[in-house]
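See structure below.
The values are calculated or read from the model by the stated rules, or taken from the named source; none is laboratory data. No experiment lies behind these values; they were computed from the predicted model shown. Don't worry about glycine lacking a Cβ; one is built from the backbone with ideal geometry, like all the others, and counts go over all protein chains shown. Just so you know, the surface numbers come from the protein's heavy atoms only, side chains and all, with ligands and any DNA or RNA stripped out. Shrake-Rupley method; radii C 1.70, N 1.55, O 1.52, S 1.80 Å.
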Amino acid sequence: MASNDLFVEMECQQFTKTGQHACGDDYQLQTLENENRSLAVLSDGLGSGIKAHLLANMTTTMGIRFLRSNTDILKSVETMMDSLPICEVRKISYATFSMADLRLGGVTHIIEMGNPQYIQLRGEIEIPA
């Protein structure tokens, strides 16, 4: 298969809880055509509503900016985690995240913090992480 036959398809769908106007999750997708890169960041804010949405949005915004700028990923993740408040009751971060940096014909980086592990499939076959 030639590299111009390859493609990346990214999609996300959100639902809000009944009676809520803001979703506690956020995602951002970005294609950098001049670099043959696709970026995706998904964040789950703790709970639901405005506070969860704002913290999830802050997380996805930082994640996309760090990925786009090719900043050292360890420093990026440390900065993101230092920026998020910790729930005093549960002693966990107010947002979790998964980030993907896909380079056509090259390497894919998946960075996860607190979310379930990603699953990679080729057809119907699961490829171990």
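Of all residues in region 48-78, those satisfying the criterion of being β-branched (Val, Ile, Thr) and under 15 Å from the mean Cα position of the chain (by Cα) are 59, 60, 61, 64, 73, 77. Looking at region 27-129, the strands (runs of 3 or more DSSP E) lying wholly inside it that each contain 2 or more residues that are open to solvent by less than 60 Å² (accessible area, probe 1.4 Å), closer than 20 Å to residue 13 by Cβ and not aromatic (Phe, Trp, Tyr) sit at 37-45, 95-103.
Taking first residues from region 94-118 that are touching a residue at least 24 places away in the same chain (Cβ under 8 Å) and partners that are basic (Lys, Arg), the Cβ contacts under 8 Å between residues at least 6 apart in sequence or on separate chains come to 94/51; 101/37; 102/37; 103/37; 104/37.
Looking only at residues that are modelled with pLDDT of 90 or more and acidic (Asp, Glu) in region 89-125, which one is nearest to residue 66 (Cα to Cα)? That would be 101.
Checking each residue in region 23-39 for being touching a residue at least 12 places away in the same chain (Cβ under 8 Å) and out of contact with any Ser or Thr (no Cβ under 8 Å at 6 or more places or on another chain) picks out 35, 36.
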